[in-house]
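Structure, as structure tokens:
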Amino acid sequence: MAAAPTYSIQATSRIGNQPQPIADVALNSRSLSFASQFQTISLRSLCATRKLHPQGASALVRAEISSDTMEVDVSLSPRVNSVKPSKTVAITDQATALVQAGVPVIRLAAGEPDFDTPTPIAEAGINAIREGFTRYTPNAGTLELRTAICHKLKEENGISYTPDQILVSNGAKQSILQAVLAVCSPGDEVIIPAPFWVSYPEMARLADANPVILPTSISENFLLDPKVLESSLTEKSRLLILCSPSNPTGSVYPRKLLEQITEIVAKHPRLLVMSDEIYEHIIYAPATHTSFASLPGMWDRTLTVNGFSKAFAMTGWRLGYLAGPKNFVSACGKIQSQSTSGAGSISQKAAVAALGLGYAGGEAVADMVKAFRERRDVLVKSFGELEGVKISEPQGAFYLFLDFSSYYGSEVDGFGVINGSEALCRYLLDKAQVALVPGDAFGDDTCIRISYAESLPTLQSAVERIKSALVALSPAVAV
């Protein structure tokens with residue numbers, strides 16, 4: 001549709017012999033129709049609304065049709081421009097598109113369990129629909145669910161909360177973002193150990209805070225060195241983000257190391273800790289999970305984030321929660337009330353059923369964890385046979401974060417040089433038809449992330465494809 005011509009209208013009032021401007025109005029042809037280029041209109045209503053002189057007022061209206069089309073300002077806010085898109089989402093979407101186009105891609109990029117939601121949870125959601133539990137819930141979540149979460153945190157994590165210290169949201173990702181927005185001021189520093197979940201730094205930028213990335217080493221199982229933390233803290237340090245078990249490494253922080261970190265945190269009154277515990281139930285003995293808020297002196301400064309997506313295979317139900325001191329949780333609730341409002345009523349009923357399955361999710365979750373462990377063991381053994389690949393065996397979650405940097409520098413006919421993790425992942429998608437996530441998305445370009453949230457036969461097929469594709473490469477660095 002062609003742009004409407006623009007009319008510039010100027011109305012004047014004559015007081016004595018001098019014309020006085022009383023209105024300058026811009027209209028287009030969709031709001032006003034002209035019989036000719038020049039028109040005279042009554043200003044009675046205009047005078048009344050503008051409180052202008054009604055006596056002796058006359059209007060001279062001039063309409064000019066502009067042939068120039070005004071360009072729309074399509075610029076974006078600097079805040080949004082500072083944020084990078086999620087590579088895990090982008091690669092997953094790309095792989096899905098290839099599959100839909102008939103390309104037999106094995107998708108190992110997304111952090112999503114391949115299991116169906118356990119039947120008792122699904123049935124609770126179905127019953128909620130049948131019983132008409134389909135209306136808005138309180139912004140913070142139903143009292144029934146928040147009470148169940150309090151019970152879970154007390155029994156499983158050793159942390160005491162009341163329902164008004166719990167905020168249920170549309171996924172743990174929303175819980176994390178709202179917490180960062182609530183506690184960070186422009187210029188504050190958010191301390192993030194690398195490798196990190198892709199969204200942490202971008203959430204800091206959305207809050208006009210500065211992400212401070214602390215490197216870790218594969219030789220130390222990607223665990224934060226307390227000395228590195230201590231030397232990096234400043235007066236601007238506001239939030240330390242810890243994720244255990246970790247995405248993308250599967251590393252689990254032992255209690256002793258966490259206690260060393262608490263000693264450093266306690267020296268900085270402004271420093272809060274966000275403990276992302278979304279993978280807490282997907283853990284492999286002898287590793288054990290410790291909630292940071294349960295450690296001495298840490299309850300008042302810890303924001304604990306958890307949810308139902310990973311352990312209960314409820315990714316599509318979109319439900320997570322935040323637990324912490326009431327003033328912080330209330331602030332997050334205020335943000336939520338002006339954005340999404342409360343989480344879905346049906347999902348909340350299903351979540352109550354999930355928490356009713358028993359300690360740590362009961363048998364349903366234990367069976368999934370057993371399968372994840374079997375897959376991990378097979379992959380660790382298989383990739384351990386590859387020359388030049390370094391492995392830190394994951395103690396939790398369902399990811400391998402493998403160091404393939406010895407293959408960087410290789411040149412492949414028809415493809416080019418493998419100059420980093422992104423190039424290697426593109427090569428493997430092209431030649432092996434396996435979708436993986438480059439480590440640079442997680443702050444470590446030496447590695448790539450492989451999700452083993454797929455069936456064992458599918459994973460074994462992926463390994464064979466990857467091995468075949470790597471034949472054309474040779475480790476460029478001696479290991």
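The values are calculated or read from the model by the stated rules, or taken from the named source; none is laboratory data. All figures in this text were calculated on a predicted structure; none of them were measured in a lab. Because the Cβ atoms are built from the backbone with ideal geometry, glycine has one as well, and the counts that use them run over all protein chains shown. Areas reflect the complete protein model, heavy atoms only, side chains present, ligands, DNA and RNA absent. Shrake-Rupley method; radii C 1.70, N 1.55, O 1.52, S 1.80 Å.
Nonpolar atom fraction for the range 173-259, defined as the carbon and sulfur part of the 1.4 Å probe accessible area, stands at 51 percent. Restricting the range 287-326 to trypsin sites (Lys or Arg not before Pro) that sit in a DSSP loop and have at most 16 other Cβ atoms within 10 Å of their own Cβ leaves nothing. For the range 171-316, a Kirkwood radius taken over Cα pairs fed into Stokes-Einstein (4 °C, viscosity 1.567 mPa s) yields D = 84 µm²/s.
When all alpha-carbon pairs of the range 315-363 are counted, what percent fall beyond 16 Å?
Percentage above 16 Å: 54.
For Phe115 and Ala90, the FRET efficiency from 1/(1 + (r/R0)^6), where r spans their Cβ atoms and R0 equals 30 Å, is about 0.75.
Put simply, the amide H of Tyr279, placed in the peptide plane, has no neighbours under 5 Å, leaving out anything fewer than 5 places away on its chain.
Backbone amide hydrogens, once placed in the peptide plane, bring Cys184 within less than 5 Å of nothing, excluding anything fewer than 5 places away on its chain.
Under 5 Å between amide hydrogens, built in the peptide plane, is the criterion, and for Gly171 it picks out Leu319, Gly320 among residues at least 5 positions away or on other chains. Accessible area per residue for the range 373-432, computed on protein heavy atoms with a 1.4 Å probe, is 41 Å².
Compute the Cα gyration tensor for the range 169-245, then decide on rounded, prolate or oblate, letting a ≥ b ≥ c be the square roots of its eigenvalues: rounded whenever a/c is under 1.5, prolate when a/b is larger than b/c in the other cases, and oblate in all that remain.
oblate
Label sites at Ser455 and Ser160, each approximated as a point 7 angstrom past Cα along Cα to Cβ, lie 4.9 nm apart. Extension gain for Glu387 to Glu411 (0.36 nm times residue separation, less C-alpha to C-alpha distance): 6.9 nm. The 3J(HN,Hα) values that the Karplus relation (6.51, -1.76, 1.60; θ = phi - 60°) gives for the range 340-349 are, in residue order, 9, 6, x, 6, x, 5, 5, 4, 5, 5 Hz. Gly and Pro appear as x. Per-residue SASA remark: Val89, around 70 Å² accessible (1.4 Å probe; ligands, DNA and RNA not included). Karplus-based coupling profile of the range 391-399, in residue order and whole Hz: 10, 10, 5, x, 9, x, 6, 9, 10, with θ = phi - 60° in 6.51 cos²θ - 1.76 cosθ + 1.60 and x standing for Gly or Pro.
Here is the list for the range 104-141: chymotrypsin sites (Phe, Trp or Tyr not before Pro) lying in DSSP coil, each with at most 13 other C-beta atoms within 10 angstrom of its C-beta, are Tyr136. Looking at the square roots a ≥ b ≥ c of the eigenvalues of the Cα gyration tensor of the range 320-479, which shape do they give, rounded for a/c under 1.5, prolate if a/b is larger than b/c, or oblate? The shape class here is prolate. If R0 equals 45 Å, the separation of the Cβ atoms of Ser339 and Tyr359 corresponds to a calculated FRET efficiency of about 0.85.
Quick check: at a probe of 1.4 Å, how many percent of the accessible area of the range 355-431 sits on carbon and sulfur atoms? Provide the component values of the computation, followed by the final result.
Values: 1470 of 3380 Å².
Solvent-exposed carbon and sulfur of the range 355-431 make up 44 percent of the total.
In order along the range 406-420, the Karplus-derived 3J(HN,Hα) couplings, from 6.51 cos²θ - 1.76 cosθ + 1.60 at θ = phi - 60°, round to 5, 8, 5, x, 5, 10, 10, 4, x, 10, x, 8, 7, 9, x Hz, and Gly and Pro are given as x.
So if R0 is 45 Å, what FRET efficiency would Glu230 and Ser474 give, r being the distance between their Cβ atoms, rounded to the nearest 0.05?
Working: r = 42 Å, r/R0 = 0.92.
Computed FRET efficiency for Glu230 and Ser474 comes out at 0.60.
Spin-label model, Ile129 to Arg255: label points 7 Å out along the Cα-to-beta-carbon direction sit 4.4 nm apart.
What does the C-alpha gyration tensor say about the overall shape of the range 395-479? Classify as rounded when a/c is under 1.5, otherwise prolate if a/b is larger than b/c, or oblate. Note, shape of the range 395-479 comes out oblate.
Run the numbers for Val72 and His151: contour at 0.36 nm per residue of separation, minus the present Cα-Cα distance, in nm. Don't skip to the answer; put the middle values down first.
Working: separation 79, 0.36 × 79 = 28.44 nm, distance 5.38 nm.
Taking Val72 through His151 to full extension adds about 23.1 nm, to one decimal.
For the range 130-206, a crude dipole built from +1 on the beta carbon of Lys and Arg and -1 on the beta carbon of Asp and Glu, taken about the Cα centre, is about 240 debye to the nearest 20. What the Kirkwood sum gives for the range 262-386 is a hydrodynamic radius of 17.0 Å, with every pair of different alpha carbons counted.
Rolling a 1.4 angstrom probe over the protein heavy atoms with all chains in place gives the range 217-367 an accessible area of 38 Å² per residue.
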